[in-house]
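Got a structure here, written out as structure tokens. Questions coming.
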């Protein structure tokens, strides 16, 4: 059993000054939180519903982590360094592999 890990996007990234999004990689799936002033949006994606994990890295600035699902939705989370994006992608892919084995 692996402990859940939460990765918070940088407040320095454009659009994240007050309310940076976060990704929690848990035992059953990925929870993405997009906070806002009076509300926010939270979505949990089960590992068996993830079809792709990718990221874009500009020359200057923060990376976007993109999680595609089997129901054709795509979730873009902005504000991670390239290293953080690689670590998050790697951890999600490990969890997906463990899900297939079990």
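Taking region 53-70 only, how many residues are exposed (fewer than 11 other Cβ atoms within 10 Å of the Cβ) and closer than 15 Å to residue 29 by Cα?
Of region 53-70, the ones exposed (fewer than 11 other Cβ atoms within 10 Å of the Cβ) are 58-60.
Right, trim to closer than 15 Å to residue 29 by Cα and you get none.
Final tally of qualifying residues: 0.
Could you tell me whether residue 54 is over 16 Å from residue 2 (Cβ atoms), in a helix (DSSP H, G or I) and modelled with pLDDT of 95 or more? Before you say what the answer is, go through the steps one by one.
Values: over 16 Å from residue 2 (Cβ atoms): yes; in a helix (DSSP H, G or I): no; modelled with pLDDT of 95 or more: yes.
No, not satisfied.
Shifting gears a bit: Is it the case that residue 6 is more than 12 Å from residue 88 (Cβ to Cβ) and at pLDDT 95 or above?
Details: more than 12 Å from residue 88 (Cβ to Cβ): no; at pLDDT 95 or above: yes.
So residue 6 fails the test.
I'd like the full set of residues that are crowded, with 16+ Cβ neighbours inside 10 Å and over 17 Å from residue 96 (Cβ atoms), limited to region 27-42.
Restricting attention to region 27-42, the residues satisfying the condition of being crowded, with 16+ Cβ neighbours inside 10 Å are 29-34.
33, 34 - these are the residues of region 27-42 that are crowded, with 16+ Cβ neighbours inside 10 Å and over 17 Å from residue 96 (Cβ atoms).
Only one of these is within 14 Å of the chain's Cα centre (by Cα) and either surrounded by 13 or more Cβ atoms within 10 Å (Cβ to Cβ) or outside any strand (DSSP E or B) (or both): 6, 24. Name it. Reasoning before the result, please.
Numbers: 6 fails: either surrounded by 13 or more Cβ atoms within 10 Å (Cβ to Cβ) or outside any strand (DSSP E or B) (or both).
Going through 6, 24 in turn, just one is within 14 Å of the chain's Cα centre (by Cα) and either surrounded by 13 or more Cβ atoms within 10 Å (Cβ to Cβ) or outside any strand (DSSP E or B) (or both): 24.
Right, next: Can you say whether residue 45 is touching a residue at least 60 places away in the same chain (Cβ under 8 Å), out of contact with any helix residue (DSSP H, G or I) (no Cβ under 7 Å at 6 or more places or on another chain) and either under 28 Å from residue 12 (Cβ atoms) or surrounded by 17 or more Cβ atoms within 10 Å (Cβ to Cβ) (or both), as far as the supplied structure shows? Can you show your working first?
Numbers: touching a residue at least 60 places away in the same chain (Cβ under 8 Å): no; out of contact with any helix residue (DSSP H, G or I) (no Cβ under 7 Å at 6 or more places or on another chain): yes; either under 28 Å from residue 12 (Cβ atoms) or surrounded by 17 or more Cβ atoms within 10 Å (Cβ to Cβ) (or both): yes.
No.
Quick check on residue 85: is it free of Cβ contacts under 8 Å to residues at least 40 places away in the same chain and in a helix (DSSP H, G or I)? Even if it seems obvious, please write down each step before you answer.
Details: free of Cβ contacts under 8 Å to residues at least 40 places away in the same chain: yes; in a helix (DSSP H, G or I): yes.
So residue 85 passes the test.
The values are calculated or read from the model by the stated rules, or taken from the named source; none is laboratory data. Given the structure is predicted, the values throughout are model-derived calculations rather than measurements. Cβ: placed from backbone, ideal geometry, glycine included. Neighbour counts: every protein chain shown.
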